[in-house]
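Structure first, then comments.
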Number of protein chains: 2
Amino acid sequence: MTTATLSGKELAGIIGQRVQQEIRSLEHDGVRPVLAVVMATDDESTKWYVRSIERAAERAGIGCRIIDLGHDATEQVLASVLRDLSAEPSVNGIILQTPLPEGVRTDSLVGLIAPEKDIDGANPLSLGRLAVGQPAFAPATARSVVEILDHYAIPVAGRNVVIVGRSAVVGKPLSLLLLARDAAITVCHSRSGPLGKYTKEADVVVVAAGRTGLLTGSHVSPGTVVVDVGTNVLPDGSLVGDVDEASVSGVAAALTPVPGGVGSVTTALLLLHTVEAARLQSPALVLEAAG
Amino acid sequence: MTTATLSGKELAGIIGQRVQQEIRSLEHDGVRPVLAVVMATDDESTKWYVRSIERAAERAGIGCRIIDLGHDATEQVLASVLRDLSAEPSVNGIILQTPLPEGVRTDSLVGLIAPEKDIDGANPLSLGRLAVGQPAFAPATARSVVEILDHYAIPVAGRNVVIVGRSAVVGKPLSLLLLARDAAITVCHSRSGPLGKYTKEADVVVVAAGRTGLLTGSHVSPGTVVVDVGTNVLPDGSLVGDVDEASVSGVAAALTPVPGGVGSVTTALLLLHTVEAARLQSPALVLEAAG
């Protein structure tokens, strides 16, 4: 059996076009969306990632403010910057980039991101709103999985989606997004026993555990669609997912590649969320809606 | 095979003793816990339920303020009352009792309950905090399920718990509580296809769908523990759960009864949450902790 490759690149292009449309429409109303990224680390791969967001934003016509507070930034300074950005009308979206300096409580900082600017769903309130069906931004990675399944017309309603990994960034918000689409969801993880017990019964498996080679061909059944959310950097600098591609290929019906799968869509969605946030915050558009 | 009955009454008694201990310790610091219940309905069964909370609170030595705003209360009035109670230092716990008058947006009202007083986990922020592992009160019904499993020493770590129902009051918060205890969780519901596909594979099944007779003996495997969260009032006024007791008895290893199961523990937990909230809010105790 041939395993189809579910590339994220085409979808990222389509989302990019939606971003362009939104930007033109916002321009018409005199609004230019602005994304702020707050960081406090010297980690090179993080700096590289933030620069890639900056370049993508600028290419799209979204203003991008990188606020680099340095590796010794205090929680107090980070909090004050997040409060200012949350209150600043010209800023539409805010990302608090991890890792943060040791001893800084990320938990309490993300609660300072105004929910309407929380375009990567980091504030617990965003997660809670998703859970009760109120408008909120999901973490871009979680939404990315759903958008890929939609793009390739893979149904989830009435089907069993197994999520490997219970993080607040992927596993939990993704389970909420999929429940809202009428899937049955199973969340398993490193402490829930043999993986195959769950993944072999799945229609769709989403792996988001951060462990190279975790899901192998023996864990999946023919016909299963596998989405690989893992992004693990090998010692040689190359990027691999959580799926053992060699053994899963030939068993699964379809598989997202790493790189070029979920990650490609995630950056596009961060920009889409930023323009969506700008639209929701635009006074002109709010008046239009009210009138 | 004999199906064991997992009564909630003994556990409710034990929780009641913990409440008593806490109250004595709070008295020592000059604090008397107070629970406020806001209601706006003429529905007789709701009024009966609120009176039962009031009686239980008073028996325990917890002050209980019933604020009945009448069936025609506006959202504005409800909002203003919730804001006042959230700001009022003498009130430790707040319940917004449903149903509310037609047209009132429950969603936006629950967001006004201060998280530290949100003893029934109604504010989406409480749910989000649970999801990220921050301190928060879970909805009492969801916690009740976990406490019953604990009380009867039924392990969940590394095991498969299947939750039938995806509500923000039971299914979703319960899945968060169980993930935190290292269970693998599956959430299925009315639109996720044949129930037995999931429930027959489960170590523990929790049914919280609100449909009489939904789970039958043909849906469970020998050895499965079944927790019935359903509370359905029959035309003759009697209370039944979501489980068809006649057919599940004799197949399942154990079953919680309705009434006398989850519901008995829920009221005890509402009181426990109120005294826990009072302890967290007590200035004397905060000073003690800081000193």
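General observations
- Phi-based couplings in Hz for the range A:119-135 (Karplus 6.51, -1.76, 1.60; Gly and Pro marked x): 6, 10, x, 8, 6, x, 4, 4, 5, x, 5, 4, 5, 9, x, 7, x
- Difference of contour (0.36 nm per residue) and Cα-Cα distance, residue B:218 to residue B:233: 3.0 nm
- Per-selection metrics, the range A:1-57 (Cα): Rg and Dmax in Å: 16.4, 53
- Isotropic mean projected area of the C-alpha convex hull, the range A:71-143 (nm²): 5.1
- Across the identical copies, the label point of residue B:232 (7 Å from Cα in the Cβ direction) is separated from its matches by 4.7 nm, in order from shortest.
- Mean residue ellipticity (222 nm) of chain B, computed from DSSP H runs ≥ 4 via -39,500 (n - 2.57), nearest 500: -12500 deg cm²/dmol
- Label spacing, shortest first and in nm, from residue A:52 to its equivalents in the remaining copies (7 angstrom along Cα→Cβ): 5.6
- Both radii come from the Cα set of the range B:1-153: Rg as radius of gyration, Rh as Kirkwood radius; their ratio Rg/Rh reads 0.99.
- Placing a label point 7 Å from Cα along the Cα-to-Cβ direction at residue A:153 gives distances to the equivalent points in the other copies of 5.6 nm, listed shortest first.
- According to the Kirkwood relation over distinct C-alpha pairs, the hydrodynamic radius of the range B:140-264 is 14.1 Å.
- Annotation: amide H of residue B:66 within the under-5 Å range of B:37, sequence separation 5 or more or interchain, hydrogens built in the peptide plane.
- Scanning chain A for the beta carbon that comes closest to the axis linking it by rotation to B yields A:128, 2, distance in whole angstrom.
- Loop-located trypsin sites (Lys or Arg not before Pro) across the range A:145-214 with a Cβ neighbour count of 13 or fewer within 10 Å are A:191, with loop assigned by DSSP.
- At q = 0.12, 0.16, 0.22, 0.24 Å⁻¹, base-10 log of I(q)/I(0) for the range A:31-114 (Debye sum, equal scatterers on each alpha carbon): -0.33, -0.59, -1.05, -1.20
- Distance between the range B:116-170 and the range A:56-75 - C-alpha centres, whole angstrom: 37
- Seen against the Cα atoms of chain B and their longest principal axis, helix B:171-180 is set at about 90 degrees.
- Per the Debye formula on identical point scatterers at the alpha carbon atoms of chain B, with no solvent, log10 I(q)/I(0) at q = 0.09 Å⁻¹ is -0.44.
- The angle between the Cα long axis of helix B:262-281 and the longest principal axis of the Cα atoms of chain B comes to about 30 degrees, rounded to the nearest 10.
- Loop-located trypsin sites (Lys or Arg not before Pro) across the range A:8-78 with a Cβ neighbour count of 15 or fewer within 10 Å are lacking, with loop assigned by DSSP.
- Simple rule: put +1 on each Lys or Arg Cβ and -1 on each Asp or Glu Cβ in the range B:31-114, find the dipole, and look at B:80, B:114, B:90; the Cα lying farthest toward the positive end is B:90.
- For the protein assembly as shown, dividing the convex hull volume of the Cα atoms by the residue count gives 166 Å³ per residue.
- Computed from Cα positions, the angle between helix B:44-60 and the longest principal axis of chain B comes to roughly 70 degrees.
- Cross-link check: pairs A:197/B:172; A:197/B:9; A:172/B:200; B:47/B:200 evaluated at a Cα-Cα cut-off of 30 Å; pairs beyond the cut-off: A:197/B:9; B:47/B:200.
- Residue A:46 accessible area, 1.4 Å probe, all protein chains in place, Å² to nearest 10: 10
The values are calculated or read from the model by the stated rules, or taken from the named source; none is laboratory data. It should be emphasised that the depicted structure is a prediction, and the values quoted were computed from it without experimental measurement. Cβ atoms come from the backbone with ideal geometry, glycine included; neighbour counts cover every protein chain shown. For the accessible areas, the whole protein counts, side chains as well, though only heavy atoms, and no ligand, DNA or RNA atoms are used. Shrake-Rupley method; radii C 1.70, N 1.55, O 1.52, S 1.80 Å.
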